[in-house]
Amino acid sequence: MNTESTKNNLTNNTSENQWTEVISSKSHWWDIRLGELWRYRDLIGLFVWRDFVSVYKQTILGPLWHIIQPVLTTIVFTIVFGAIAKIPTENTPPFLFYLAGNTFWNYFASCLNRTSNTFVGNAQIFGKVYFPRMTVPVSNVISALLSLGIQFTLFVCVYAGYMLTGTTLTPTIWLLGIPYFVFIMAILGLGLGIIISSLTTKYRDLTFLVAFGVQLFMYATPIIFPLSVLSPNMQYYLSFNPLTPLVEGFRYAFFGVGTFDVWSLGYATLITFIIFFLGLALFHQTEKNFMDTV
């Protein structure tokens, strides 16, 4: 009896001392560990809620800024580029044309700006407790998606208002591709953001260049002008920008006008995933020793 009791106690102690979580370094750049991200989905949800609420927590208008900001920007674009510069909008109402571009661009810019500060902005919490570092940039992309939902709803309401007043608009079957456009833009913003975030651990100058660079990048993307108004040479150069077919595809889906085809969308998808996997490799390499440099 004593022998059996001793064996049972040893068995119980062994089962109690088994590890429930094993933390190890990522040995390969392709070690994405999506399962680990799924296990920490509750933490991602908390980060999403924190990011969404904290931005306008101490403001008077609160979440209304998600609507006010694109509306004011669209009004400025309509006056400056539509009324003064008289840039053609392919027979689309200027306000609706610029609102479409702003809605799509704001999401990409938000994803890029938020994720580009992952390591520097979260150095204190990264140094105290372990959790998958990718949960932070992923939560940034998801929280930005909430803002996109609000702004996209605004765009759809304005779009419906123009149609009810008799404005000729020609939606196409590519409306079904809108979720895919958003997905590719999210992956592109995430990829570029984690690349910049990894580099800023050593080169802090990039922090000051991000906001300025995003603004310049907007003018290299057909946000304030349709691609069709440019010369063939300029269209060729801008076609290398993976955002170009996404923005043109978004407008083509709602307005039935624009320079868009499946091949350009395939190119944007390929470039996006190349940038994303390059960013993952650099991100995983940086997270091993970033606390020594931050």
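All of the numbers you see were taken from the coordinates with simple rules; none came from a lab. Just so it is clear, the model here is predicted, and its values are computed rather than measured. FYI the Cβ positions are ideal-geometry reconstructions off the backbone, even for glycines, and counts take in every protein chain you see.
Structural remarks
- Chymotrypsin sites (Phe, Trp or Tyr not before Pro) restricted to DSSP loop in segment 213-294 with at most 14 other C-beta within 10 Å: 240
- Cleavage-rule hits (trypsin sites (Lys or Arg not before Pro)) in segment 66-170: DSSP loop, at most 11 neighbouring Cβ within 10 angstrom: 86, 128
- On full extension, the segment bounded by residue 39 and residue 267 gains 78.8 nm, given 0.36 nm per residue less the C-alpha separation.
- One chain, two ends: residue 160 and residue 71. Fully extended at 0.36 nm per residue, the span grows by 30.4 nm beyond their Cα-Cα distance.
- Loop-located trypsin sites (Lys or Arg not before Pro) in segment 204-294, at most 15 other Cβ atoms within 10 Å (DSSP): 204, 288
- Here the label points at residue 168 and residue 220, each 7 Å from Cα along the C-beta direction, are separated by 3.7 nm in the simple model.
- Ordering of 186-196, 151-161 by packing is 186-196, 151-161, highest average first (other Cβ atoms within 10 Å, averaged per residue).
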